[in-house]
Amino acid sequence: AMVDAALEHFGELHGVFLNAGVPGFGLIDRIPMAVFDKVIDVNVRAVALGMRIAIPELRKVDGGAVVVTGSTSGLAADPGGWTYNASKAAVINMAKAVAIDVAHEGIRVNAVCPGPTKTGMTASMRERDDSEETMRRSVPMARWGESSELAAAVSFLLSPDASFITGVALPVDGGVMA
């Protein structure tokens, strides 16, 4: 439906941002496998389906760009985060693999990897009493990222300014991965 709406409105597709994510935290022997299944369905399968639909449209215009949302949690592990970590690592490596497969067609595929960012998904973490102090200790830039900062990175990767960038997992994380 997303691609159909873009085609109806713009006539052709030159870029797509596939932003999917639900959390899933708990110890491996205690979290229900139904939680794992949901996390994989939303975080990985939805992105794969989005690329399957979008890439044929990008071929019709001789190239374009796909950006997917990975996470710093896909680059390094979080305590109790095995479901989310696995899903975001899969998304990052899927983006890299697809980038290799379609690069010769002028299609670029990259992942943005947000660190702690102010979103609806992180609202409960931000509301905890110790959250701001924890953020100051754990993020070199000592603050939560803004969604506009992530959007700027996505816009760059979708733009012609990133014409020679593909297969990249770009941390947008205030220095967490450094």
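Any chance you could count how many residues in the stretch 152-164 are in a helix (DSSP H, G or I) and open to solvent by less than 30 Å² (accessible area, probe 1.4 Å)?
4
Can residue 40 be described as among the β-branched types (Val, Ile, Thr), at pLDDT 95 or above and in contact with a strand residue (DSSP E or B) (Cβ under 9 Å, 6 or more places away or on another chain)? Steps first, answer last, please.
Numbers: among the β-branched types (Val, Ile, Thr): yes; at pLDDT 95 or above: yes; in contact with a strand residue (DSSP E or B) (Cβ under 9 Å, 6 or more places away or on another chain): no.
Judged against the criteria, residue 40 is not a match.
In the set 104, 14, 9, which member is open to solvent by 50 Å² or more (accessible area, probe 1.4 Å) and touching a residue at least 40 places away in the same chain (Cβ under 8 Å)? Let's see the steps before the verdict.
Numbers: 104 fails: touching a residue at least 40 places away in the same chain (Cβ under 8 Å); 9 fails: touching a residue at least 40 places away in the same chain (Cβ under 8 Å).
After applying the criteria, what remains is 14.
Which residues, taken from the stretch 129-151, are under 14 Å from residue 69 (Cβ atoms) and open to solvent by 20 Å² or more (accessible area, probe 1.4 Å)?
If the condition is that a residue be under 14 Å from residue 69 (Cβ atoms) and open to solvent by 20 Å² or more (accessible area, probe 1.4 Å), then 147, 149, 150, 151 are the ones that fit.
Tally time: how many residues in the stretch 85-95 are polar (S, T, N, Q) and surrounded by fewer than 19 Cβ atoms within 10 Å (Cβ to Cβ)? Working first, answer last.
At the first step, the residues of the stretch 85-95 found to be polar (S, T, N, Q) are 85, 87, 93.
Next, only the ones that are surrounded by fewer than 19 Cβ atoms within 10 Å (Cβ to Cβ) stay: 93.
Total meeting the criteria: 1.
So in the stretch 166-178, with the set limited to residues that are open to solvent by 50 Å² or more (accessible area, probe 1.4 Å) and not in a strand (DSSP E or B), which one is farthest from residue 139 (Cα to Cα)? Please lay out each step first, then the result.
Residues of the stretch 166-178 open to solvent by 50 Å² or more (accessible area, probe 1.4 Å): 166, 168, 170-171, 176-178.
Subset that is not in a strand (DSSP E or B): 166, 168, 176-178.
On the way: 166: 27, 168: 22, 176: 5, 177: 9, 178: 10 Å.
By that ranking, first place goes to 166.
Going through the stretch 52-88 one residue at a time, which ones are within 26 Å of residue 13 (Cβ to Cβ) and not in a helix (DSSP H, G or I)?
61, 62, 63, 64, 65, 66, 67, 68, 69, 70, 71
Any residue that is in a helix (DSSP H, G or I) and either within 24 Å of residue 139 (Cβ to Cβ) or of a type outside the set (Gly, Ala, Ser) (or both) - is there at least one of those in the stretch 10-23?
Checked against the condition, which is being in a helix (DSSP H, G or I) and either within 24 Å of residue 139 (Cβ to Cβ) or of a type outside the set (Gly, Ala, Ser) (or both), the stretch 10-23 yields at least one hit.
Give the residue, chosen from 98, 61, 67, that is touching a residue at least 40 places away in the same chain (Cβ under 8 Å), of a type in the set (A, V, I, L, M) and open to solvent by less than 10 Å² (accessible area, probe 1.4 Å).
Details: 98 fails: open to solvent by less than 10 Å² (accessible area, probe 1.4 Å); 61 fails: open to solvent by less than 10 Å² (accessible area, probe 1.4 Å).
Step by step, each of 98, 61, 67 is checked, and only 67 is touching a residue at least 40 places away in the same chain (Cβ under 8 Å), of a type in the set (A, V, I, L, M) and open to solvent by less than 10 Å² (accessible area, probe 1.4 Å).
Could you list, in sequence order, the residues of the stretch 70-84 that are touching a Leu at 6+ places or on another chain (Cβ under 9 Å) and either open to solvent by less than 30 Å² (accessible area, probe 1.4 Å) or modelled with pLDDT under 95 (or both)?
Those that are touching a Leu at 6+ places or on another chain (Cβ under 9 Å) and either open to solvent by less than 30 Å² (accessible area, probe 1.4 Å) or modelled with pLDDT under 95 (or both): 70, 80.
The values are calculated or read from the model by the stated rules, or taken from the named source; none is laboratory data. Keep in mind the model is a prediction, meaning the values are calculated, not measured. With ideal geometry, Cβ positions are generated from the backbone for all residues, glycine too; neighbour counts draw on all protein chains shown. Accessible surface is based on the protein model in full, side chains and every heavy atom, while ligands, DNA and RNA are left aside. Shrake-Rupley method; radii C 1.70, N 1.55, O 1.52, S 1.80 Å.
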